[in-house]
Amino acid sequence: MTTIDKIDRRNAAAPNGHESSQSVLDAVVIGAGITGMYQTYQLREAGFSVQGYEAGSDIGGTWYWNRYPGCRLDTESYAYGYFGLSGVIPEWQWSERFAGQPELLRYLRHAAEKMDIRRSYRFNVRVTAAHFDESTNLWRLRLDDGTQAACRYLLTAVGPLSATRMPNIPGIETFRGESFHSSRWPRGEDEGPREVDFTGKRVGVIGTGATGVQIIPIVARTAKTLRVFQRTPNWCTPLGNHALTPELMAQLRGYDSEAFLRFLKSTPTAFPYDRNDKKASQATEEERQALFESLYSMPGYGIWLSGYRDLLTSKTSNAYLAKFIANKIRERVKDPKVAEKLIPTNHAFGTRRVPMETNYYEVYNQPNARLVDLRETPIVEVTPDGIRTSDELHELDVIVFATGFDAVTGSLDRIDIRGKGGVALKDVWKDGPTTYLGLQIAGFPNLFTLVGAHNGASFCNIGVCGALQVEWVTRMIKYLRDRGSALVEPDTSYQERWTEKVYEDYAKTLLRDTDAWWVKTTTGPDGQVRRRALIYIGSAPEYRALCDEMAAKGYEGFVVR
Ligand SMILES: Cc1cc2nc3c(=O)[nH]c(=O)nc-3n(C[C@H](O)[C@H](O)[C@H](O)COP(=O)(O)OP(=O)(O)OC[C@H]3O[C@@H](n4cnc5c(N)ncnc54)[C@H](O)[C@@H]3O)c2cc1C
């Protein structure tokens, strides 16, 4: 029995009488994605009683839910995963540089077995409410199967991209054909998407973000007609995926995995790319073109993450790259009018997530495909026969909603989280998140939001940054146990400073001018539009150094009682 068990057994006279002291846990982890599983494992290994809850029927999170055709990583497979879990990286055989969803889910299942994690989870159950009970210092949870639980520490690993967003289009429920949201695609037998046969069908895809750009070329192969409904064009760049042969894997395995992790940890977002230390203005036009060409032909996010260091801070630097990519789009799309519609005009390169594509632009050269520009002809309604825009009815047999997520805070908003005094987290955050280190919120003691808002693991290669965060949080909870402390929450002045830093860092970049999934946009009573960043844009090494510094100083900025 842990120290916390003992405290709980004294304190846990449940006010509503539904819980026994037996049901009081040291910790609850919500979510069984790559982050939640590891958190549950780490706490269990450290001797805490821990229960995980997962809405899906099995582990996997993102890679469990998103089974649409073409779903894959845009982080290099071998750089995404559990470095801290001995055995899993070295012995896994990746088949592609950017693994597809079925392979990722197999990898996570392998890791789950290594951790023997399923025994610590209940599946098919959603946490609907979590209220902090000040009389016992416990979090009291309600689940959608009518059960309840109580715990000392509540750790949310509910995912930055897991709350599905459906567009609010009149008549959507009247459509007579088949329709799918990308993150709720029907499941096939091999863990991948159920084969949806588009052959001979008239298919409409709404959305041209990272997901739409993955699905569209696949649908275009067999659909009789494809209509792509685009609201905002994105700056898309080639993924450059290729097979990882056993020989290549053997070569990769030959790398010292600790040294590779050290390298990932040294880069701003834990992707395997270093940023160029030059500003674009320090290069000649020829040098810039040569660099852009080489980055464009390289697989992966190099073009976003390893170009000139002022890409996201200087409009001039950004315009050089944007012009280069725009010309690539013009080269690849034969109809100049269509090409212009595919070139973003309302945001700088890299200020929204850059979709990685494989033959995306070539789709628009196919006779069966047509771009519908919703800025010119907005969607009016969905009818039983298809989608009506302001100028015509597009008759369809299938609609694919690639409309993304209510990102970062969406999954937390869907839980009724109440802290001290019954205050709802949703209300505290109505104008944007306020946190300390993106991990805790004043007034919500013992709640830890992993890979959450304003947190250094969210704008990152999450496979690596999420795990590093889990390890840090586990050390902190062990520290609290060792001190016999019952409560931890941020000091409000530290929280204010962190929140200000997040917003200030953001405001220094070109991201400040762009609507993206990582921004909460609100319109005030005065009609003023306010954009608040949901993510921390600073560098991941700087974030972790700060967390480590605070830990070394006895968790400075946290009030521990
Ligand atoms: C299509 C796609 C591609 C991506 N590609 C990359 C990439 O290349 N590189 C990268 O770093 N990141 C990528 N991401 C981001 C990805 O979400 C993270 O890499 C990572 O999977 C997040 O893991 P997680 O465990 O934090 O959350 P998730 O994997 O989202 O898991 C959260 C889990 O919590 C569960 N949950 C939520 N609320 C509740 C509740 N109330 N009760 C019970 N269970 C709940 C959900 O069902 C879900 O299973 C991608 C995301 C998507 C959608």
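As a length-normalised measure over Cα pairs under 8 Å and 6 or more apart, the relative contact order of the stretch 472-548 settles at 24 percent.
As a footprinting exposure proxy, order Met476, Met166 by other Cβ within 10 Å, with the fewest listed first.
Met166, Met476
Compactness of the stretch 273-349 was expressed as the Cα radius of gyration divided by 2.2 N^0.38 Å, which yields 1.10.
The slack in the chain from Gln282 to Ala46, taken as 0.36 nm per residue of separation less the alpha-carbon distance, amounts to 79.8 nm.
Peptides 58-70, 151-163, 481-493, 95-107 ordered by packing proxy, namely the average of other Cβ atoms within 10 Å per residue, highest first: 151-163, 58-70, 95-107, 481-493.
Distance between the 7 Å Cα→Cβ label points at Arg330 and Arg122: 6.1 nm.
Separation of the stretch 301-321 and the stretch 461-505, taken as the distance between their Cα centroids, equals 31 angstrom. With R₀ fixed at 25 Å, the C-beta to C-beta distance from Arg375 to Lys508 puts the FRET efficiency at about 0.25. For the stretch 273-349, the tally of Lys pairs with Cα-Cα distances below 26 Å comes to 15, considering only residues 8 or more apart or on different chains. Remark: the Thr245-Arg221 segment gains 6.0 nm on full extension, using 0.36 nm per residue and subtracting the alpha carbon distance. Straight-line cross-link reach from Lys224 at under 20 Å between alpha-carbon atoms covers these lysines, not counting any fewer than eight positions away in the same chain: Lys201.
Scanning the chain for cysteines with no neighbouring cysteine C-beta under 4.7 angstrom from their C-beta gives Cys71, Cys151, Cys236, Cys547.
Using C-alpha pairs below 8 Å separated by at least 6 residues, the relative contact order for the chain is 19 percent. Eigenvalues of the alpha-carbon gyration tensor of the chain, scaled by 5 and square-rooted, set the equivalent ellipsoid semi-axes at 39, 27, 24 angstrom, largest first.
Listed by chain and number, the aspartates and glutamates whose C-alpha is less than 15 Å from the C-alpha of Lys553, apart from same-chain residues fewer than 8 away, are Asp491.
Given the chain, what percent of its DSSP beta bridges are antiparallel, to the nearest 5? The antiparallel proportion sits near 45 percent. By the rule of a C-alpha distance below 24 Å, with chain neighbours fewer than 8 residues away ignored, the lysines paired with Lys430 are Lys420, Lys501, Lys508, Lys520. Divide by every residue of the chain the summed helix terms, -39500 (n - 2.57) for each DSSP H run of at least 4, and state the resulting mean residue ellipticity at 222 nm, rounded to the nearest 500 deg cm²/dmol. Here the helix-only value at 222 nm equals -9500 deg cm²/dmol. Cα centroids of the stretch 97-132 and the stretch 144-212: 17 Å apart.
Length gained on full extension, Asn368 to Asp385, computed as 0.36 nm times the residue gap minus the Cα-Cα distance: 4.2 nm.
Here, each number is a calculation from the coordinates, and none is a lab measurement. Quick caveat, the model's predicted, so the values are computed rather than measured. Every residue, glycine as well, gets a Cβ built from its backbone with ideal geometry; the counts of neighbours run over all protein chains shown.
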